[in-house]
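Since the structure comes first, as structure tokens, the remarks are kept for the end.
The values are calculated or read from the model by the stated rules, or taken from the named source; none is laboratory data. Note that the structure is a prediction, hence the values are computed from the model and not measured. Virtual Cβ from ideal backbone geometry, glycine too; neighbours counted across all protein chains shown.
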Amino acid sequence: MRVQTDAQLLSAISEGDRDALRTLHDRHAAWVTLRLRRRCSNSDVVADAVQDTFVAVWKSAARWDGRGEPAAWIWGIAIRRLIGALRSRDRWNRDRLTDVVPESDVITTAEDQVLLGIEHGDLAGALGQLSPELLAVVQATVLDGLTTREAAKLLGIPAGTVKTRMMRARTQMRGALA
């Protein structure tokens, strides 16, 4: 059996090949889930976002323009799906966004412990008050260490919007932590 690249799989998906989608899903779903879990502790929201991501890949594989890595394109879809899911849930139940990660779901690497400390420690209240859009910018630029340009590309928004949202997030967090 020949190993196909992600680009070849996307091309096959655009032609309706379900096996190619299954292969792409098997290759990427685990890391997409882990990265989304760092941004949202609610496993139901994450599962919905992952599922919506691969439905979007199925429907829009032909729109991948061949520039950049397919994994980055998939991640861009995933983070937008998560923001959409959080925005939708936020309308109904604001406190669900700050659910605590069950002990059985906690990953024990040093990096994950630091991230959990940020999301569920002293800063949890301040982060929990941010809108999903502002929180995504903070996570991309501060926690992931992306530049403004990289965060803009990842989130699918202009660089100026990243800067504006980061400024708004800082202002809100200063007020919450004061």
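Of all helices (runs of 4 or more DSSP H) completely enclosed by region 1-67, which ones contain at least 2 residues that are in the same structural domain as Leu82 (by TED's automatic domain parsing) and charged (D, E, K, R)?
Details: elements: 6-14, 18-37, 43-60.
In region 1-67, the matching helices (runs of 4 or more DSSP H) lie at 18-37, 43-60.
Restricting region 1-33 to residues that are among the charged types (D, E, K, R) and at pLDDT 90 or above leaves a set whose member that is nearest to Ala62 (Cα to Cα) is Glu15. Among the residues of region 23-41, those identified as touching a residue at least 12 places away in the same chain (Cβ under 8 Å), over 13 Å from the mean Cα position of the chain (by Cα) and surrounded by fewer than 21 Cβ atoms within 10 Å (Cβ to Cβ) are Thr23, His25, Arg27.
Quick check, is Ser43 modelled with pLDDT of 85 or more and out of contact with any Phe, Trp or Tyr (no Cβ under 9 Å at 6 or more places or on another chain)?
Values: modelled with pLDDT of 85 or more: yes; out of contact with any Phe, Trp or Tyr (no Cβ under 9 Å at 6 or more places or on another chain): yes.
Yes, satisfied.
In region 74-86, is there at least one residue being under 26 Å from Glu133 (Cα atoms), exposed (fewer than 15 other Cβ atoms within 10 Å of the Cβ) and out of contact with any Ser or Thr (no Cβ under 7 Å at 6 or more places or on another chain)? I'd like the intermediate steps shown before the answer.
Let us first name the residues in region 74-86 that are under 26 Å from Glu133 (Cα atoms), namely 74-86.
After this cut, where a residue has to be exposed (fewer than 15 other Cβ atoms within 10 Å of the Cβ) as well, the list is 84.
Retained after the next criterion (residues that are out of contact with any Ser or Thr (no Cβ under 7 Å at 6 or more places or on another chain)): 84.
Within region 74-86, one or more residues are under 26 Å from Glu133 (Cα atoms), exposed (fewer than 15 other Cβ atoms within 10 Å of the Cβ) and out of contact with any Ser or Thr (no Cβ under 7 Å at 6 or more places or on another chain).
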